[in-house]
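Asks: Pasting a structure here, questions to come.
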Amino acid sequence: MITLAADFGGRRIKLGLVKDGRVLARQVLPANADQPLSTRLEAVADGLRGLCAEQRLTPANCGGVGFAYPSIVDARRARIMDHFGKFGDASQLDLRAWAMTTLGLPLAIDNDARMALIGEWQYGAGRGCNNLGVITLGTGLGASAVIEGRVLRGVHGQAGILGGHLTVRYGGRQCVCGNLGCAEAEGSTWMLDKLAREREDFDQSPLSREPRLDYAAVFRLAAMDDTCAKALRDHSLQIWSVTAVNLIHAYDPEKVVLCGGIMASADVIVPAVQAYVERCAHTPWGRVEVVPSALGDDAALLACEWLWQEELGKTILCEET
Ligand SMILES: [Zn+2]
């Protein structure tokens, strides 16, 4: 049975047709996250229908819809709990009703970092681990955990995913969540411009002349020995490493998988985080392995199939009968 999958991000919405752990077809839409989600869902439905048509299918030939969404998500009710400034009306929408009306299919949805975790756990770098942690390094910092073979969710869907909002610096920078000194406020793409401009050597750095100030530019210029870029890189590696130790202390995983767009620089990030974890995490039984994502952007799309089929699909079917 084919799953229609959508992974919502701040800049892009990735669509896919998924079957048996493989992405059969894919498409990327601009997120246009300043628009209401109800508006963007029209483009998502059109895109999914288009992918079906490419495969000589219609949604009626498919089994369900899965969404990965960048917010706190109540997966049991398929409701988005907060909009965090993106897709403004997201928390008001009944997505199950939308999917049934628009595509004639049941829908399951979960947080995007949790979906990356499910993808890596079922099909990627975390296969075979019953205890697994994931950190997503992207526009923000996400986290999630599988404990004893179960995805950690909690009462409101918040458990495990706020790893980017654990305090790494007492009295630190103001975060969007209301807290001070969150990992996300101290080292993520949305804070990078501010972090860079706070430095006195920024105006003299080639970083200030980059058309796009992102971590790809930071890692590239740091490798060329630019002082400002090196300081930003090393600061951010510290923040992500501290986040990994926090995650290990909280969830006792066998392995930590690092995912997200910033992992284009995995060759620098993985050894740095691994070395810090070995030095600072309290794991008297031995070493927690830090590994890069095996699936990249496909992790959350593949998780859409698992989500509605293996877990929430059963709940939906039970409720309907
Ligand atoms: Zn925060």
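The values are calculated or read from the model by the stated rules, or taken from the named source; none is laboratory data. Just so it is clear, the structure is predicted and the values come from calculations on it, not from any experiment. Backbone-built Cβ (ideal geometry, glycine too); neighbour counts: all protein chains shown. For the accessible areas, the whole protein counts, side chains as well, though only heavy atoms, and no ligand, DNA or RNA atoms are used. Shrake-Rupley method; radii C 1.70, N 1.55, O 1.52, S 1.80 Å.
Asks: Please go through the stretch 80-112 and give me each residue that is open to solvent by 10 Å² or more (accessible area, probe 1.4 Å), among the small types (G, A, S) and either touching a residue at least 24 places away in the same chain (Cβ under 8 Å) or part of a loop (DSSP other than H, G, I, E, B) (or both), ordered by number.
Replies: G85, G88, G104
Asks: Are any of the residues in the stretch 193-202 within 11 Å of the ligand (Cβ to nearest atom) and crowded, with 18+ Cβ neighbours inside 10 Å?
Replies: No, the stretch 193-202 contains no residue that is within 11 Å of the ligand (Cβ to nearest atom) and crowded, with 18+ Cβ neighbours inside 10 Å.
Asks: Hey, among G124, G119, which residue is open to solvent by 10 Å² or more (accessible area, probe 1.4 Å), in contact with a Leu (Cβ under 7 Å, 6 or more places away or on another chain), under 23 Å from Q274 (Cα atoms) and away from the ligand (no atom under 16 Å from the Cβ)?
Replies: G124
Asks: Could I ask something else about it? Just for the stretch 167-177: of the residues that are within 25 Å of L152 (Cα to Cα) and in a loop (DSSP other than H, G, I, E, B), which one is farthest from the ligand (Cβ to nearest atom)?
Replies: Here the residue is V168.
Asks: Answer yes or no: is there a residue in the stretch 265-279 that is modelled with pLDDT of 95 or more, among the basic types (K, R), within 20 Å of the chain's Cα centre (by Cα) and assigned by TED's automatic domain parsing to the domain that holds S208.
Replies: Looking through the stretch 265-279, none of the residues is modelled with pLDDT of 95 or more, among the basic types (K, R), within 20 Å of the chain's Cα centre (by Cα) and assigned by TED's automatic domain parsing to the domain that holds S208.
Asks: Now for a different question. When the residues of the stretch 28-49 are filtered to those that are small (G, A, S) and under 14 Å from K14 (Cβ atoms), which remaining residue is surrounded by the most Cβ atoms within 10 Å (Cβ to Cβ)?
Replies: Here the residue is A33.
Asks: Is there any pair with a first residue in the stretch 9-28 that is on the phi > 0 side of the Ramachandran plot and a second that is open to solvent by 40 Å² or more (accessible area, probe 1.4 Å) and of a type outside the set (D, E, K, R) whose Cβ atoms are under 6 Å apart and which are 6 or more apart or on different chains, and what are they?
Replies: G21/Y123
Asks: Can I ask one more? Could you grab me the full set of residues in the stretch 142-166 that are assigned to a strand (DSSP E or B), modelled with pLDDT of 95 or more and either open to solvent by 50 Å² or more (accessible area, probe 1.4 Å) or within 15 Å of the ligand (Cβ to nearest atom) (or both)?
Replies: Answer for the stretch 142-166, where residues must be assigned to a strand (DSSP E or B), modelled with pLDDT of 95 or more and either open to solvent by 50 Å² or more (accessible area, probe 1.4 Å) or within 15 Å of the ligand (Cβ to nearest atom) (or both): A143, I147.
Asks: Working only within the stretch 290-302, note down all residues that are part of a helix (DSSP H, G or I) and over 17 Å from G261 (Cβ atoms).
Replies: Passing the criteria: only L302.
Asks: Is one or more of the residues making up the stretch 178-187 without any contact (Cβ under 8 Å) to a residue 24 or more places away in the chain, open to solvent by 50 Å² or more (accessible area, probe 1.4 Å), within 16 Å of the ligand (Cβ to nearest atom) and assigned to a loop (DSSP other than H, G, I, E, B)?
Replies: Looking for residues that are without any contact (Cβ under 8 Å) to a residue 24 or more places away in the chain, open to solvent by 50 Å² or more (accessible area, probe 1.4 Å), within 16 Å of the ligand (Cβ to nearest atom) and assigned to a loop (DSSP other than H, G, I, E, B), one finds at least one in the stretch 178-187, hence yes.
Asks: Among the numbered criteria (1) under 18 Å from the mean Cα position of the chain (by Cα); (2) modelled with pLDDT of 95 or more; (3) buried (at least 18 other Cβ atoms within 10 Å of the Cβ), which one does F219 miss?
Replies: (1)
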